[in-house]
1. Hey, with R₀ at 35 Å, roughly what FRET efficiency would Lys184 and Thr132 work out to, going by the Cβ-Cβ distance, to 0.05?
2. Note down the nm distance, to one decimal, between modelled labels 7 Å out along Cα→Cβ at Arg149 and at Tyr162.
3. Need the full-extension length gain, His33 to Glu51, defined as separation in residues times 0.36 nm minus the C-alpha distance. One decimal, nm.
4. Which residues' amide hydrogens lie under 5 Å from the amide hydrogen of Thr32, considering only partners 5 or more residues apart or on another chain, with H built in the peptide plane?
5. Quick one: order Phe75, Phe39 by neighbouring beta-carbon count within 10 Å, fewest to most.
Amino acid sequence: MTLFKGKYRIESIRLPGYDYSQPGAYFITIVTHNRQCSFGNIVDGEMMLNEFGELVKNEWLKTGNIRRNIIIDAFVVMPNHLHGILIVMDNDDDGGGRGTLQRASTTTKTGPEMKTKTIEQFGKPTKNSIPTIVRLFKSTTTKQINQLRQTPMQPLWQHNYYEHIIRNDNELTRIRQYITNNPKQWKQDNLNKLL
């Protein structure tokens with residue numbers, strides 16, 4: 001899908017027709033506007049968050065607290081981006097628990113027992129879908145940081161974000177390790193605009 005915003009052409013990087021509210025694990029990367037290092041610094045291979053970085057971290061954690069079917073897995077706030085794994089749980093349980101995790105599938109199943117696919121469409125957000133969660137996270141952090149730095153209407157994040165559907169336990173383990181090691185790899189990181 002291609003959108004036009006002013007004179008810029010924006011390509012959607014979402015998987016066409018995929019239901020981003022279905023149970024599964026998703027690796028998310030959200031990058032700051034112009035890759036500005038707004039959230040702190042890497043010191044001796046460790047991320048040292050500033051006030052804005054702490055705010056971003058707390059809002060990311062809050063995402064899992066306010067949505068019953070979302071679990072925040074491994075994540076890291078870097079100087080100019082956030083890497084995180086969001087786990088969407090099946091919300092069909094009857095109790096007060098979080099439901100069950102199923103691996104995300106890119107195939108469509110049909111039949112009377114299957115739920116109707118809830119596909120996000122432009123201008124029609126789907127509750128608790130990955131695009132809606134990321135959009136709300138970006139919006140609230142932008143608003144709060146702009147209030148703190150007294151810069152109304154300034155962009156904080158790039159227009160889009162990167163997402164990857166995690167398909168198996170080996171991939172989940174590998175991505176968790178990548179997130180954990182990200183601060184130590186900052187000098188080689190392709191998001192490090194100082195390169």
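1. For Lys184 and Thr132, the calculated efficiency is 0.60.
2. 2.2 nm
3. Answer, rounded to one decimal: 4.7 nm.
4. His81, Gln158
5. Fewest to most other Cβ atoms nearby, the residues stand as Phe75, Phe39.
Laboratory data are not the source of any read-out in this text; all were calculated from the coordinates shown. It should be emphasised that the depicted structure is a prediction, and the values quoted were computed from it without experimental measurement. Cβ: placed from backbone, ideal geometry, glycine included. Neighbour counts: every protein chain shown.
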